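The values are calculated or read from the model by the stated rules, or taken from the named source; none is laboratory data. What you see is a predicted model, and the numbers here were worked out from it, not measured in a lab. Please note: Cβ atoms are built from the backbone with ideal geometry, for glycine as well, and neighbour counts cover all protein chains shown.
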Amino acid sequence: MFIYRISLQYEITKAQLLIKTTPPEVKVDTEKKGYEMDSHPIKIQIDNKEFLESIGIKSINKVLEEKAEYGKQAVLKSMARYTEDKNAMLGPDGLTVSEIAAQRSFKTISSTLKFIPENQPEISWKDGYVDINYTKDERNVKYIPSQMEFEYIPYSVKFIVKKHMEEVSKTVNEND
């Protein structure tokens with residue numbers, strides 16, 4: 001006769017709750033803008049024309065105008081002198097050519113001495129400003145909240161049954 005011995009084993013795994021957390025994140029990016037400056041410098045205007053003419057330095061146009069005027073005056077003076085000479089020679093008390101030449105030889109000289117120019121340079125300015133534009137920096141804030149992930153592992157029961165076989169000899173009494 002065989003007797004079977006059974007051994008029973010069991011393994012129990014407890015239920016588990018696994019929690020995985022990620023911390024919150026804050027990302028801040030700054031976009032720099034700053035200042036923008038645009039400069040328009042002062043424009044100085046200096047007019048030296050009258051100053052230079054007063055000290056004897058003249059422009060070409062002024063020299064040409066004066067020479068043209070001098071030519072006109074020279075023609076008028078010569079015409080006036082010829083008429084004076086003609087009138088001086090005529091008449092009962094007429095002068096001779098030598099007497100007229102003697103009168104013209106006595107010239108008067110006039111001179112002037114100047115140390116300070118009569119006119120000053122004219123100095124003026126216009127425009128001249130600065131444009132300043134300020135744009136404040138921009139901040140971009142990105143917030144990522146914390147996250148939690150759960151994983152549930154259920155309990156488990158594992159049964160292991162082992163069977164051992166033993167041979168048992170039994171003496172049977174007949175009286176039994």
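Note on segment 30-52: among residues that are surrounded by 10 or more Cβ atoms within 10 Å (Cβ to Cβ) and of a type in the set (K, R), the one that is farthest from P121 (Cα to Cα) is K33.
Annotation note: Cβ proximity below 6 Å between a residue of segment 134-160 that is in a loop (DSSP other than H, G, I, E, B) and a residue that is charged (D, E, K, R) and loosely packed, with under 10 Cβ neighbours inside 10 Å (sequence gap 6+ or interchain) occurs for D137/K32; Y155/K14.
Checking S78 against (1) without any contact (Cβ under 8 Å) to a residue 12 or more places away in the chain; (2) surrounded by 10 or more Cβ atoms within 10 Å (Cβ to Cβ); (3) within 58 Å of the chain's Cα centre (by Cα), which single condition isn't satisfied? Result: S78 fails condition (3) only.
Evaluate the following for A88: is it in contact with a Leu (Cβ under 6 Å, 6 or more places away or on another chain) and at pLDDT below 85? In short, yes.
With respect to T96, is the statement that it is of a type in the set (V, I, T), modelled with pLDDT under 85 and surrounded by 10 or more Cβ atoms within 10 Å (Cβ to Cβ) true?
Working: of a type in the set (V, I, T): yes; modelled with pLDDT under 85: yes; surrounded by 10 or more Cβ atoms within 10 Å (Cβ to Cβ): yes.
Yes; evaluated as a whole, the condition is true for this residue.
Of everything listed in (1) under 30 Å from D47 (Cβ atoms); (2) touching a residue at least 12 places away in the same chain (Cβ under 8 Å); (3) of a type in the set (G, A, S), the single unmet condition for G71 is (2). Taking (1) in a strand (DSSP E or B); (2) basic (K, R); (3) surrounded by 10 or more Cβ atoms within 10 Å (Cβ to Cβ) in turn, K27 satisfies each apart from (3).
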